[in-house]
Amino acid sequence: QVQLVESGGGLVQAGGSLRLSCAASGRTFSTYAMGWFRQAPGKDREFVAVISGSGLLRYYADSVKGRFTIARDNAKNTVYLQMNSVKLEDTAVYYCAGNSRQWNARSPETYDYWGQGTQVNVSS
């Protein structure tokens with residue numbers, strides 16, 4: 001069993017930066033690919049980024065490529081999402097998730113474990 005807890009959300013101005021963190025419990029963190037998803041009001045949950053267990057492989061949604069960076073520290077059981085040059089459309093609840101089957105999974109159904117989410121609001 002893996003428990004995930006996100007933090008770091010809040011209010012940020014358009015063009016600014018924010019770093020989200022996701023702390024995981026358990027001793028097998030490095031065996032899980034970790035993803036970030038987001039969900040805006042009235043919309044489906046959307047893939048943002050994923051990182052392999054080793055941290056060597058990363059994949060991003062086109063909407064955030066070049067602006068967001070996913071990283072992980074397996075010694076700290078933590079995955080991060082650095083959000084730069086944020087836009088109004090980045091406003092959403094952001095979730096981290098883990099799966100042990102596919103390192104580059106973009107479908108929420110592939111993920112076994114989810115955090116409770118952290119709210120990000122981008123203002124103009």
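The figures follow:
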item	result
Matching residues in the stretch 18-43 - criterion: being at pLDDT below 95 and touching a helix residue (DSSP H, G or I) at 6+ places or on another chain (Cβ under 7 Å)	none
Any chance Gln102 is assigned to a strand (DSSP E or B) and touching a residue at least 60 places away in the same chain (Cβ under 8 Å)	no
Extreme residue, surrounded by the most Cβ atoms within 10 Å (Cβ to Cβ), among residues of the stretch 74-89 that are of a type in the set (A, V, I, L, M, F, W, C) and over 17 Å from Thr31 (Cα atoms)	Leu81
Close pairs (6 angstrom Cβ cut-off, 6 or more residues apart or separate chains): under 20 Å from Thr31 (Cα atoms) in the stretch 45-57, surrounded by fewer than 16 Cβ atoms within 10 Å (Cβ to Cβ) and not charged (D, E, K, R) anywhere	Val50/Asn104; Gly53/Ser30; Gly53/Thr31
Complete set of residues in the stretch 31-55 that are basic (Lys, Arg) and surrounded by 14 or more Cβ atoms within 10 Å (Cβ to Cβ)	Arg38, Arg45
Leu4 being modelled with pLDDT of 95 or more and open to solvent by 70 Å² or more (accessible area, probe 1.4 Å)	no
Yes/no for Glu46 being at pLDDT 95 or above and within 21 Å of Asp112 (Cβ to Cβ)	yes
Residue satisfying condition, being modelled with pLDDT under 95 and either open to solvent by less than 40 Å² (accessible area, probe 1.4 Å) or under 14 Å from the mean Cα position of the chain (by Cα) (or both), within set Ala71, Ala105, Ala92, Ala61	Ala105
Pairs, first closer than 16 Å to Ala33 by Cβ in the stretch 62-90, second open to solvent by less than 30 Å² (accessible area, probe 1.4 Å) and assigned to a loop (DSSP other than H, G, I, E, B), C-beta under 8 Å, six or more apart	Ala71/Gly55; Arg72/Gly55; Asn74/Gly53; Asn74/Gly55
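The values are calculated or read from the model by the stated rules, or taken from the named source; none is laboratory data. Since the structure is predicted, the reported quantities are computational estimates derived from the model, not experimental observations. When we count neighbours, we look across all protein chains shown, and the Cβ atoms used for this are built from the backbone with ideal geometry, even at glycine. In case anyone asks, the SASA skips ligands and DNA or RNA and just uses the protein heavy atoms, side chains included. Shrake-Rupley method; radii C 1.70, N 1.55, O 1.52, S 1.80 Å.
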